[in-house]
1. Averaged over its residues, how many other protein chain Cβ atoms are within 10 Å of peptide A:151-160's Cβ atoms?
2. Restricting to the protein assembly as shown, what percent of DSSP beta bridges are antiparallel, rounded to 5?
3. Order the peptides B:36-46, B:200-210, B:110-120 from the highest to the lowest mean number of other Cβ atoms within 10 Å of their residues.
4. In the structure displayed, which of B:LYS113/B:LYS217; B:LYS130/B:LYS181; A:LYS192/A:LYS310; A:LYS260/B:LYS130 lie more than 26 Å apart, Cα to Cα?
5. How far is A:LYS184 from the same spot in each other copy, in nm, shortest first, if each label point sits 7 Å from Cα toward Cβ?
6. Could you pull out every residue, at least 5 positions away or on a different chain, whose amide H is within less than 5 Å of the one on A:PHE199? Hs are placed 1.01 Å off N in the peptide plane, and Pro or chain starts have none.
7. So what's the net charge close to B:ILE36: Lys and Arg +1, Asp and Glu -1, counting the other residues with Cβ under 12 Å from its Cβ?
8. Give the long-range amide H neighbours of A:ASP88: residues separated by 5 or more places, or on another chain, with amide H under 5 Å away, using H modelled in the peptide plane at 1.01 Å from N.
2 protein chains.
Amino acid sequence: MGEAGHEAAVEQFRVSVVGSGNWGSVAAKLVASNTIGHPFFHDEVRMWVFEEVLPCGEKLSDAINRTNENVKYLNGVKLGKNVVADPDLENAVREANMLVFVTPHQFMEGICKRLGGKIRSDAEGISLIKGMEVKKEGPCMISKLITDMLGINCCVLMGANIANEARIAFEKFSEATIGYKHSKEVAQRWAKLFSQSYFLVSAVQDIEGVELCGTLKNVVAIAAGLVDGLDMGNNTKAAIMRIGLREMRALSKRLFSSVKDSTFFESCGVADVITTCLGGRNRRVAEAFARTGGKKSFNELEAELLQGQKLQGVSTAKEVYDVLSHRGWQGLFPLLTTVHKICIGLLPPSAIVEYSEHAPNFSLVEGSAECY
Amino acid sequence: MGEAGHEAAVEQFRVSVVGSGNWGSVAAKLVASNTIGHPFFHDEVRMWVFEEVLPCGEKLSDAINRTNENVKYLNGVKLGKNVVADPDLENAVREANMLVFVTPHQFMEGICKRLGGKIRSDAEGISLIKGMEVKKEGPCMISKLITDMLGINCCVLMGANIANEARIAFEKFSEATIGYKHSKEVAQRWAKLFSQSYFLVSAVQDIEGVELCGTLKNVVAIAAGLVDGLDMGNNTKAAIMRIGLREMRALSKRLFSSVKDSTFFESCGVADVITTCLGGRNRRVAEAFARTGGKKSFNELEAELLQGQKLQGVSTAKEVYDVLSHRGWQGLFPLLTTVHKICIGLLPPSAIVEYSEHAPNFSLVEGSAECY
């Protein structure tokens with residue numbers, strides 16, 4: 001009794017989830033199933049909801065709190081009674097010292113501006129955001145943006161858990177990788193918050209490598225989709241995925257010397273490349289692009305096929321291309337370079353696997369075994 | 001003129017291909033397209049044919065030499081005029097100093113017995129044979145068998161080029177990895193013999209790692225097929241493939257301390273795992289096994305689905321299991337262990353991704369990042 005009382009007196013970690021789309025809702029559910037009844041965490045998980053009015057006239061946040069489901073973005077899945085939707089961003093984060101960021105990457109700068117000075121001084125952050133802007137000077141890591149603008153430490157969580165995120169909500173087995181910069185203890189706390197028997201979380205001290213995987217894999221998925229659209233078969237697709245993974249690794253290491261090879265064996269690396277190349281929307285639109293022989297643009301196909309969802313691979317391919325040409329690295333990254341040239345119509349889809357003076361010479365790629 | 005005459009006087013390398021199944025015929029075609037007109041190689045490629053009589057009454061070797069096609073195992077593909085089918089094993093290898101071995105692995109011991117003392121003393125070998133017997137004392141590497149029995153150096157060539165080998169014959173882009181033990185120069189010679197613009201060959205100094213990949217991946221393919229049959233989706237499948245690759249790597253390193261991590265980023269590693277888990281026959285039969293809830297045995301399904309072709313994954317899983325239990329390593333390799341237990345009906349197919357006291361605890365696997 002006395003001991004229980006003592007434990008209760010220790011301050012518990014309080015979690016807020018900033019974002020409530022499909023993946024944000026899944027994350028809230030995962031986290032909430034771990035905080036409840038755990039001596040270490042406060043039960044309640046606040047989830048910031050970008051307020052919308054549903055067709056029936058009800059506000060989304062009210063609907064979530066009434067039904068315990070995100071009726072718009074993760075319909076049919078109970079989030080857990082301890083998830084509280086809150087449309088007021090500042091209020092949603094005020095008490096939390098564990099902040100989970102899971103919004104479209106374009107929104108993060110604005111969100112950080114609004115949150116400056118409004119969060120607890122002992123807060124820690126984690127970004128689940130895949131995709132970032134890659135500027136000529138280098139990639140705009142979301143974890144760094146959060147650290148710089150909010151003055152807090154920030155980890156990342158990536159892995160083979162996209163495209164059908166709802167599957168995690170239905171408790172199908174999957175994995176994730178946490179990337180951390182300094183504190184293993186903090187990474188372990190995040191892992192404890194997210195781990196489930198059906199959701200295996202590991203941690204590596206390589207935040208840049210982990211975060212870059214979540215962005216660069218979308219370019220590889222376009223390459224894989226092109227191979228699908230050309231009906232080249234599994235051997236070719238496997239080769240393109242492998243070469244893509246190799247270029248991701250080589251580019252990440254050139255951009256950040258701290259990046260580790262072993263990161264690319266983790267869920268954020270090889271497994272996310274696999275799932276994205278098997279089922280993601282970048283793959284799907286690229287397949288359609290190749291099937292039409294490049295006659296319809298990616299923009300057109302995106303509008304036709306994705307009902308308002310956005311492709312990241314095409315814009316990331318362009319941004320990566322700008323980095324490569326800015327630094328004179330195109331020859332070292334033939335797959336990444338060629339994807340962009342195909343996307344903008346400079347090369348035909350078949351160039352991804354054809355040898356010509358314009359097509360990739362994969363045997364020259366750095367980071368590979370010796371080729372002949 | 002004088003110089004050309006001088007070159008012609010240098011002895012050329014002569015190639016024989018021992019084996020003429022589907023992959024053997026593809027290999028002969030690949031090789032023959034490189035030897036022809038090359039100053040370095042003698043034009044003619046001898047291909048040893050295990051003689052059969054075709055339904056029309058013609059001998060297979062005669063049919064190959066008449067049509068320039070392997071009408072039984074690679075119908076419709078011209079092998080190249082410089083390929084000569086030879087049903088006489090000793091005669092087929094007599095003049096060669098580059099011996100390409102590509103037969104079912106069970107036949108190699110008998111072939112080596114017949115060839116002892118019958119080959120050139122300066123011969124080099126390369127094995128394209130995927131699959132080996134794994135005894136309790138360790139794996140029976142085909143390359144080592146050849147070296148021990150014939151007294152010659154032997155490389156291996158593996159990679160994402162199975163299941164639809166004929167695609168390579170139709171010149172779809174794919175890759176391969178050569179594993180070598182000592183001589184980089186010899187590996188380069190083999191790479192020169194096999195490389196094409198559509199067939200990218202690299203070489204790594206890790207013969208054991210490369211050769212083990214070609215065998216162990218079949219066990220991973222069974223795991224992937226089970227996930228398909230359970231309709232678990234791509235995230236789960238990607239996770240299982242990743243964990244499988246990790247266990248392949250960890251087991252190979254335990255068996256041979258010389259094995260390198262980087263080998264598993266090569267075509268023989270990640271790419272072969274991908275293609276085998278997407279399209280191979282181990283995957284296919286395992287999917288059917290899971291769909292029937294394990295009610296039909298692998299033997300029955302193999303007979304139903306494969307028209308006389310044989311599965312390797314099930315027997316390799318058993319052999320690997322024997323190694324693991326012999327050495328007390330089962331807990332370190334939960335995926336490899338569980339595949340065998342599912343194959344023999346000791347666990348249900350769903351155990352591959354379910355957590356229970358009997359199911360795999362993947363977080364304990366060695367060679368992984370820290371799990372929580």
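1. 1
2. 30
3. B:200-210, B:36-46, B:110-120
4. With Cα atoms farther than 26 Å apart: B:LYS113/B:LYS217; A:LYS192/A:LYS310; A:LYS260/B:LYS130.
5. Once sorted, the set of distances for A:LYS184 reads 3.6 nm.
6. Sorted by chain and number, the residues that satisfy this are A:SER174.
7. Spelling it out: positives minus negatives among the neighbours equals 0.
8. Placed amide hydrogens put A:VAL49 under 5 Å from A:ASP88.
None of the figures in this text is laboratory data; all of them are computed from the coordinates on show. Treat the numbers as computed from the prediction; the structure is a model and nothing was measured. Neighbour counts are summed over all protein chains in view; Cβ atoms, including those assigned to glycine, are modelled from backbone coordinates with ideal geometry.
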